[in-house]
Amino acid sequence: MNGETEKKIDELLALMTLKEKIGQLNQIIFDIHDIDGIKEKVRNGEVGSLIFAVSAFAGHDEYQMPELSVLNEIQRIAVEESPSGIPLINGRDVIHGYKTGFPIPLAMASSFNMELVEKSYRAAAEEAASEGIHWSFAPMIDVSNDPRWGRIIESAGEDPYLSGQYAVAAVKGFQGEQLSAPGSIAACAKHYIGYGASEGGRDYHRTEISDYTLRNKYLPPFREAVKAGAATVMTSFNDVSGQPVASSRYMLTDLLRSELGFRGFTISDWEAVKQLMRQGVAEDRKDCACLAINAGLDMDMVDLCYSDFLEELVNDGKVDMAAVDEAVKRVLRIKFAVGLFEHPYTKKLDVDYDKHMRIAYEIAAESIVLLKNNGVLPLCKNSNICLAGCMSDEQKALMGSWSSPEYENTVTIKNAIEKICNTGSFGCCLSSVPYELQQTLRNADIVILAIGESEKVTGEARSLCYIELPEDQIKLAKTAKRFGKKVVGVICSGRPMALESAEPYFDALLYAWHGGNMAGEAIADILFGRVCPSGKTAVTFPRRTGQVPIYYNVSSSGRPVNGYYGEEEINNYEDCLGSPMYPFGYGLSYTTFKYSDIKCNIAEMSLEELRGGKCFEVSIDVTNTGKYDGKETAQCYIRDTVSDMMRPIRELKGFKKVMIKCGETKKIIFRLGFDELGYYDRYGAFAVERGLFEIFIGPNCLTGTKITICVD
Ligand code: GLC
């Protein structure tokens, strides 16, 4: 922020009454049925921001945006009729698309293509900005390794590094080169912090996170988002080890501001200030307001605790005017940065929706993960095919939760396959009844089962304690198998489902997630080989629900029980293998890739050299040894073999997705320096400890291709 703007902010602040200052810290619901009431509050200077959602479950609400003229009129009242003339900032959950529906974030992260992620968020920003939205409550960057948690769909999965890269791509996509430019909107890194650790995958539940784990697992994506310039941060509903984040000065001021250097403003999650009462740390709403503002929580989302009590709290001396002034200055800084003072009114932008649909197709195709293929894929378009299953003709479910876009124009999997297949050889049974399926599959050679889960059991307040594929879906596969057919499963889901009991009945498994408007085309093009699958899962697939939590960046226990990296002499469980169904970073292709000749430019380096910025350069050759040109994501993991604190058996520190043609070899290089080899130690300091590091490079986290380097 430049000096000129700071001067304007100080001048504005000097003219504002306490009431007007508090108004800036108050976000209210834009209720389309009470526009006059909203205008009155804005005119009185009681409102700093509008949220376009009607409930705490915006991901499950059908919400109709008002006309732009209505929003501009309300903004005019704020600018011309309210006491301080400060424009409103309009916020909405633009989670994975606005009008164009992109795949759910967990799917987009599984593309490992951050360029495409950035383009997707840019497209969403242009569409939202054109409708009067200045600010999105996204990206959600809660590291999560519990697929029972419905909100895992909104995350970038279980890895801190991938989540951090995703955060950067999303912030850059939303905020563009210049936040005040047309088509840019403010990002909101959420939910700060530890929400993904909700006990048992139960939404809103308590968490138990040591500072050591907080700094090395949950904080890294927020560090990256702040470095990328995220304009705002949203506090999470949860506590961290008994202290609600919304009332934690340590989290909101000491860590987020003093340590991470965050200069934007924080907003609570929906009624998260008021809920401090339910969490038992506040007696009443006044107490809630006092705790939150003194912790450093700037804006209050919809529960009016600030609006109703901050004036009294300041007058009672329980809250310093300086705390209110600081919060207001942070809000004004972002309003200036968004350009609201220069151009408070929205003009429709010339949005290229066709281009956005193409981006949605590309990232849908690159997000799809081929989990199994007994050689049945890709299909020949003359094959005798029978399509069945609940997702065959679905439109809305493919959009996933937290989806605002229209879905009526979504091409279904059935339509997309029909476009490719010779109609004579294609039968479709939209029933999920095995008997009815039998009638259709008689003359088919191959049965495609488009199955999975409804978007209604994913997202906020939608956790599951049983994440296996439903029995009736497995029955379809068994029926098809009984008739001697090849069975291809296309699973459309918001989370990694537990597939051990289903997997034997499928010859191929294509994991298409909830892939957005273009999911149908992307799935069909992969099934028939027009696109070579390249997705790699951003989250571990458990064999069964009972294995959860199971994740790749686990530290080694003292006894040989860690089944993730191979079965050991002692099982994690007597009734289940210890290894995952599919590991983090896993995904097959129609071609094959050979990793060879791993090298490092130097075998060892001093800690001082490392600290001085020198890096190890580890390279590997990747050869396409198959019959299809294809994209491969080479992943680089480290293992700190001996350290003061226990470290994960593998930690992702880099990935590169490259197109490699048949027979071609590409050399891929990863630079590993102080930042990559260090971790936050027991004292909270970032450090690299001397000793050996194993460096693994391969197609997923289980790769054994490694080289050892030494920091001495
Ligand atoms: C919800 C969600 C949050 C969302 C907010 C506004 O409860 O937790 O992610 O941004 O409320 O809809």
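Some points to look at:
- Of the residues making up the range 217-260, those that are away from the ligand (no atom under 16 Å from the Cβ), closer than 18 Å to Arg202 by Cα and among the small types (Gly, Ala, Ser) number 2.
- Residue check for Gly164: closer than 25 Å to Ser268 by Cβ, surrounded by fewer than 24 Cβ atoms within 10 Å (Cβ to Cβ) and in contact with an Asp or Glu (Cβ under 7 Å, 6 or more places away or on another chain): yes
- Candidates Gly85, Gly23, Gly91, filtered to the one that is small (Gly, Ala, Ser) and closer than 15 Å to Phe341 by Cβ: Gly85
- Given (1) within 16 Å of the ligand (Cβ to nearest atom); (2) touching a helix residue (DSSP H, G or I) at 6+ places or on another chain (Cβ under 7 Å), number of the condition Leu12 does not satisfy: (1)
- Summed over the range 66-91, the residues that are within 16 Å of the ligand (Cβ to nearest atom) and in contact with a Gly (Cβ under 9 Å, 6 or more places away or on another chain) give a count of 2.
- Candidate set: the range 521-557, residues that are among the small types (Gly, Ala, Ser) and in a loop (DSSP other than H, G, I, E, B); chosen: the one surrounded by the most Cβ atoms within 10 Å (Cβ to Cβ): Gly535
- Of all residues in the range 264-287, those being more than 18 Å from His191 (Cβ to Cβ) and crowded, with 23+ Cβ neighbours inside 10 Å number 1.
For every residue, the table says whether it meets (1) crowded, with 21+ Cβ neighbours inside 10 Å; (2) more than 28 Å from Leu116 (Cβ to Cβ).
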{"site": "Cys636", "(1), (2)": "yes, no"}
{"site": "Asp644", "(1), (2)": "no, yes"}
{"site": "Gly654", "(1), (2)": "no, no"}
{"site": "Ile660", "(1), (2)": "yes, no"}
{"site": "Thr705", "(1), (2)": "no, no"}
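- Qualifying residues in the range 293-307 (those that are in contact (Cβ under 8 Å) with a residue 40 or more places away in the chain and within 16 Å of the ligand (Cβ to nearest atom)) - the one nearest to the chain's Cα centre (by Cα): Met301
- Test result for Glu199, surrounded by fewer than 24 Cβ atoms within 10 Å (Cβ to Cβ), more than 30 Å from Glu342 (Cβ to Cβ) and modelled with pLDDT of 95 or more: yes
- Considering the range 244-273, and only residues there that are part of a loop (DSSP other than H, G, I, E, B) and touching a helix residue (DSSP H, G or I) at 6+ places or on another chain (Cβ under 6 Å), the residue that is nearest to Gln27 (Cα to Cα) turns out to be Ser268.
- The residue of the range 94-146 that is nearest to Lys335 (Cα to Cα), among those that are of a type in the set (Val, Ile, Thr), within 16 Å of the ligand (Cβ to nearest atom) and in contact with a helix residue (DSSP H, G or I) (Cβ under 8 Å, 6 or more places away or on another chain), is Val94.
- Qualifying residues in the range 56-80 (those that are in contact (Cβ under 8 Å) with a residue 24 or more places away in the chain and more than 18 Å from Lys39 (Cβ to Cβ)) - the one farthest from the chain's Cα centre (by Cα): Gln64
- Long-range neighbours under 8 Å by Cβ, at least six apart or interchain, first residue under 16 Å from Lys227 (Cα atoms) within the range 246-262, second in a helix (DSSP H, G or I) and among the basic types (Lys, Arg): Leu260/Arg223
- The range 464-520, residues that are closer than 21 Å to Met399 by Cβ and part of a helix (DSSP H, G or I): Gln473, Ala519, Gly520
- Breaking point among (1) more than 31 Å from the chain's Cα centre (by Cα); (2) touching a residue at least 40 places away in the same chain (Cβ under 8 Å); (3) assigned to a loop (DSSP other than H, G, I, E, B), for Tyr586: (1)
- Filtered residues of the range 172-216 (kept if within 19 Å of Ile95 (Cβ to Cβ), part of a helix (DSSP H, G or I) and within 16 Å of the ligand (Cβ to nearest atom)): Phe174, Tyr195, Gly196
- Among the numbered conditions (1) in contact with a helix residue (DSSP H, G or I) (Cβ under 6 Å, 6 or more places away or on another chain); (2) within 14 Å of the ligand (Cβ to nearest atom), the only one that Leu276 does not meet is (2).
- Pick from the range 308-331, criterion within 31 Å of the chain's Cα centre (by Cα) and more than 12 Å from Gly23 (Cα to Cα), ranking: surrounded by the most Cβ atoms within 10 Å (Cβ to Cβ): Arg330
- Spans of strands (runs of 3 or more DSSP E) in the range 592-669 with at least 2 residues of a type in the set (Ser, Thr, Tyr): 593-600, 616-624, 630-640
- Residues of the range 25-43 satisfying the condition of being in a loop (DSSP other than H, G, I, E, B) and surrounded by fewer than 16 Cβ atoms within 10 Å (Cβ to Cβ): Asp31
- Taking the range 44-151 and the helices (runs of 4 or more DSSP H) fully enclosed by it, the elements with 2 or more residues that are crowded, with 24+ Cβ neighbours inside 10 Å and out of contact with any Lys or Arg (no Cβ under 7 Å at 6 or more places or on another chain) are at 105-109, 114-129.
- Single match in Leu476, Leu449, Leu499 (criterion: closer than 20 Å to Cys380 by Cα, surrounded by 24 or more Cβ atoms within 10 Å (Cβ to Cβ) and in contact (Cβ under 8 Å) with a residue 24 or more places away in the chain): Leu449
The values are calculated or read from the model by the stated rules, or taken from the named source; none is laboratory data. As the structure is a computational prediction, the values presented were derived from the model and not from experiment. For neighbour counting, all protein chains shown are included, and Cβ atoms are generated from backbone atoms with ideal geometry for every residue, glycine included.
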